[in-house]
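For reference, the structure discussed in these notes is given below.
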Amino acid sequence: MHHTIEVENLTYTYPGGHQALIDVSLSVGPDERVALVGPNGAGKSTLMLHLNGIYRPTSGQVTVGGLPVTDDNIGQIRAWVGLVFQNPDDQLFNPRVFDDVAFGPLHMALPEEEVRRRVDAALDAVGMQDYADHISHHLSLGQKKRVAIATVLSMHPKILVLDEPTAGLDPRARRSLINLLDSMERTMLTATHDMRLVADLFTRVVILDNSRVAADGPTGDILSDGALLTEHGLEAP
Amino acid sequence: MIQLQHLNPTEADTALHRLDPRVKLIVALSLILITGLMPSGAFGAYIALFALMMAEAIIARVSPVLVVARSLAVLPFSLAAVTLIFTGPEPYLAALPVTGWPISEPGLVQCVSIVFKSLISVQAAILLIATTHFTTLLWAMSSLRIPGVLVAIISFMYRYLFLLADEAARLSRARDSRSAVPAGSPVTARSLIFRARTTGRMIGSLLVRAFERSERVYNAMLSRGYTGAPMQIDPPQLCPRDVLIGLIPVLIAASLLAISLII
Ligand SMILES: Nc1ncnc2c1ncn2[C@@H]1O[C@H](COP(=O)(O)OP(=O)(O)O)[C@@H](O)[C@H]1O
Ligand SMILES: [Mg+2]
């Protein structure tokens, strides 16, 4: 099994007519960490929703782990790809933390013992082991973001797709989240505006601007190209 | 602001707090059903049911005054019953001074009965909420085989009520902080219609946000393998002692119903 993402000539038009992605091609290799950067409205979130088949290309093709994203493969692909939404209040739709982390494993039809073990392990991995019985509404934003990551870790995903994981966090919560991500050995594609996060964690950077891929290269090359960053509304860390 | 803390159970740890939530849910629903079935004008039975509620409140160490006070919130909804007073049959007690509408005695009895019955029903629900956490109640519903979609809807209601209340509070704070008044003018410079229009737009914006959120939440569910089929961990066996405790108030209420139907 290769935990890869292949996006070929992906174009996506929203029902209202807005072209959110135009001819986007991108590939992420096994265990590679790629950052997806670009201004608000560039199409980052739209692209991420294609990676587990929530949205389907208007034209072009998405392949995950060697399987094309089609209705036949969708169950398998959703088990492989752990997609963490930007706003944890969208991701945590159960009142209680335990039920949210158990949601994925339960839908994989795992036995109860295994579901409970996975919930414990996932909450442990994000440092939230004491919060299984807490009400999500009462958690801080940093805690919610950690639980949101646990809700996909419990599904043992091969690929992590994270939408702006550090947005809105205070410096300490941000640092501990970065350490958490750094400890995970997985294929990872992360949308972010946090250029220090990019420098710390990612080996490759893809710039998405105005629905198109504007640049794709090693982190060192991209972050040292001041003119390129300025052109796309980004700042060097 | 909505008083959302009313949705949380009280801190005490009494026999009623510890009772199996499935039993409590069924008991509360049975009490409400029995109260609804009580014949009109059975005031003795109403008082007995009310005493039963207050006894439960005392056992659960919830202030009876608080239970009664919160139950009064239902009064506006029973207002519809007031029409019975003027549309009921003879004998008439009197006529209303200005309009001359006749006050029907059976209508008056019916109206007061409905108000009492709704108060008692709401008190049963308040006691349930005051002794059971909402998440436990959701668990009880699904383990009683209430369809998963219904439980999910109630669960979303609870989860997002807080968020929507926060969002509404943020919107009205944003409005208030931009609603400046010129120096020396009265409290509000704008007309009622202007303010009503602003509020209307705020409600619209809240609905649009709720709608967009529902789409994002559904996407999050799909991402984690949701197919529409309900999934849950199997509930444990009911403990016979809990069933017994639950039977007591239900049987008391049922015998009150039987007695008032005979008399
Ligand atoms: N549900 C939708 N319907 C119509 N247009 C949308 C929708 N979601 C996003 N868009 C539009 O698509 C573009 C890309 O949005 P998005 O992928 O969220 O960007 P990013 O995540 O990079 O900020 C934006 O112009 C946005 O307004
Ligand atoms: Mg986005």
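A few comments on the model shown:
- Residue match in the stretch A:148-166 (condition: more than 28 Å from A:G66 (Cβ to Cβ) and away from ligand 1 (no atom under 16 Å from the Cβ)): no
- Restricting the stretch A:30-70 to residues that are among the small types (G, A, S) and loosely packed, with under 14 Cβ neighbours inside 10 Å leaves a set whose member that is nearest to A:E235 (Cα to Cα) is A:G41.
- For the stretch A:71-88, the criterion of being among the basic types (K, R), within 14 Å of chain B (Cβ to nearest Cβ) and crowded, with 21+ Cβ neighbours inside 10 Å is satisfied by at least one residue.
- Of residues in the stretch B:99-146 being of a type in the set (A, V, I, L, M) and not in a helix (DSSP H, G or I), the one nearest to the chain's Cα centre (by Cα): B:I146
- When each of B:A80, B:A57 is tested for being surrounded by 12 or more Cβ atoms within 10 Å (Cβ to Cβ) and part of a helix (DSSP H, G or I), the lone residue that passes is B:A57.
- Residue in the stretch B:233-249 that is within 14 Å of chain A (Cβ to nearest Cβ), at pLDDT 80 or above and over 30 Å from A:L51 (Cβ atoms) present: no
- Filter result for B:A69 (assigned to a helix (DSSP H, G or I) and in contact (Cβ under 8 Å) with a residue 60 or more places away in the chain): no
- Qualifying residue in the stretch A:31-39 (condition: touching a residue at least 60 places away in the same chain (Cβ under 8 Å), more than 14 Å from every other protein chain (Cβ to nearest Cβ), within 16 Å of ligand 1 (Cβ to nearest atom) and closer than 30 Å to B:L164 by Cβ): yes
- Taken together, the residues in the stretch A:97-114 that are under 13 Å from A:A150 (Cβ atoms) and either within 19 Å of the chain's Cα centre (by Cα) or within 8 Å of chain B (Cβ to nearest Cβ) (or both) amount to 7.
- If you go through the stretch A:79-114 and pick out every residue that is part of a helix (DSSP H, G or I) and touching a Leu at 6+ places or on another chain (Cβ under 8 Å), you end up with 5.
- Test result for A:L181, crowded, with 19+ Cβ neighbours inside 10 Å and away from chain B (no Cβ under 14 Å): yes
- Selection of the stretch A:8-29 for residues being touching a residue at least 40 places away in the same chain (Cβ under 8 Å), away from ligand 2 (no atom under 16 Å from the Cβ) and either within 14 Å of another protein chain (Cβ to nearest Cβ) or crowded, with 22+ Cβ neighbours inside 10 Å (or both) yields A:L10, A:V28.
- Restricting A:I77, A:I54 to residues that are within 13 Å of ligand 1 (Cβ to nearest atom), among the β-branched types (V, I, T) and without any contact (Cβ under 8 Å) to a residue 40 or more places away in the chain narrows the list to A:I54.
- Residue in the stretch A:139-148 that is within 11 Å of another protein chain (Cβ to nearest Cβ) and over 17 Å from the mean Cα position of the chain (by Cα) present: no
- Candidates in the stretch A:149-175 are the residues that are within 14 Å of another protein chain (Cβ to nearest Cβ) and charged (D, E, K, R); of these, the one that is surrounded by the fewest Cβ atoms within 10 Å (Cβ to Cβ) is A:E164.
The values are calculated or read from the model by the stated rules, or taken from the named source; none is laboratory data. Note that the structure is predicted; figures quoted are calculated from it, not measured. All Cβ positions, glycine included, derive from the backbone under ideal geometry; neighbour counts span all protein chains shown.
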